[in-house]
Amino acid sequence: MVKTISVSQIEQTVHEAHEIYSKNLNGKNADYIPYLAHIGSDLFGISVCLTNGRTIEVGDSRYKFGIESVSKVHTAILVLRQYGADKLLSMIGADATGLPFNSIFAILLENDHPSTPLVNAGAIAACSMVQPTGNSEKKWEAIVNNITLLSGSAPELIDELYRSESDTNFNNRSIAWLLKNYNRIYDEPSLSLDLYTRQCSLGITAEQLSVCGATIANKGLNPKTGIQVFEAAFAPKITSLIATVGFYEHTGDWLYSSGIPAKSGVGGGIMGVLPGIMGIAAFAPPIDEAGNSVKAQLAIKYIMNKLGLSVFSGDSVSITA
Ligand code: GLN
């Protein structure tokens, strides 16, 4: 079936979602990273970027928040660009863990690889794979440059968040060294962990995440800049990773109820990818017990359901002006 939706319908729905959920008080800012506990709990922004480059924004869509685990998607794309799809599968993997994002147990259960670049273990392994091996500054440049290309504009390191997270990331230090024990990390563990911590501390906006989502939805062609950031063939690979584990142990419930593959971060951001149609991002700091933003989840679900969109519908969607 061909489904026709107008831009004004999308605009109206995005505004409705913001209006309905802005008063929701559920969830709580992440506090295991001290910086995140102090971010305004009522910040709330939504941005949709269509694959033709048109953006629809409401609320705090230009507020720079900690990208946190959403950055795992960006660096997985960098690994795809540098190594190709087969190596990502053999060196990291693409399996859901069904366990929390920082699970150590998950590392012990997988006997051949860290499982997926979208949980902490696999994301630290992905940072270890970034070329050139051993050169922290050049690797960092590659990570930031890749995020800039995907987002259409540069992210900005939030120094205070980086310090806060570096001072308290004991669990992630254990993960990095456990990976070393199992030969599943491909550069020096402390260097790899530091890159991971730094990338999580980048400030990003909902607008930038929606452009990145749209770039994935648009087969690697950034609709804002016109730059082909990655090979079109990688788009379904990255979307499948997001669909499988984007919400950790709640991924199935999320996909079932929202119809859109999306990745969350404890900074309160969520980035969704609807192939061929749009990227969508929402940001609101209070998160649930699995680390996923409460308001951002509600807003994206509302928009998808109200517009009757789902990655599984089989509909081809035409968006009219
Ligand atoms: N930097 C955070 C951590 O490693 C990211 C977690 C997340 O956003 N789910 O704990």
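What is the magnitude of the charge dipole of the chain about its Cα centre, with +1 placed on the Cβ of each Lys and Arg, -1 on the Cβ of each Asp and Glu, and no other charges, expressed in debye to the nearest 20?
It works out to roughly 560 debye.
Hey, what angle do you get for helix 206-217 against the long axis of the chain, alpha-carbon based, 0 to 90 degrees rounded to 10?
90
Sorted by packing (mean other beta-carbon atoms within 10 Å per residue), highest first, where do 50-59, 189-198, 260-269, 134-143 land?
260-269, 189-198, 50-59, 134-143
Just name one of ASN305, SER174, PRO114: the one whose Cα is farthest towards the positive end of the charge dipole of the chain (beta-carbon charges, Lys/Arg +1, Asp/Glu -1).
In the chain, that residue is ASN305.
Helix-only estimate, please: 222 nm mean residue ellipticity of the chain, summing -39500 (n - 2.57) across DSSP H runs of length 4 or more and dividing by its residues, to the nearest 500.
-14000 deg cm²/dmol
Restricting attention to the alpha-carbon atoms of region 126-245, what are Rg (one decimal) and Dmax (integer), both in Å?
15.4, 43
Any of LYS72/LYS306; LYS23/LYS224; LYS3/LYS87; LYS138/LYS180 with alpha carbons more than 26 Å apart? Name them for me. Write down the numbers at each step before the final one.
On the way: LYS72/LYS306 29 Å; LYS23/LYS224 32 Å; LYS3/LYS87 38 Å; LYS138/LYS180 22 Å.
The answer is LYS72/LYS306; LYS23/LYS224; LYS3/LYS87.
What number comes out for the charge environment of ASP167, summing +1 per Lys or Arg and -1 per Asp or Glu over other residues with Cβ under 13 Å away?
Net charge in that neighbourhood comes out at -2.
Quick note: the coordinates plus some simple rules give every number you see, no bench work behind them. Quantities reported herein were computed from a predicted structural model and do not represent experimental measurements. Backbone-built Cβ (ideal geometry, glycine too); neighbour counts: all protein chains shown.
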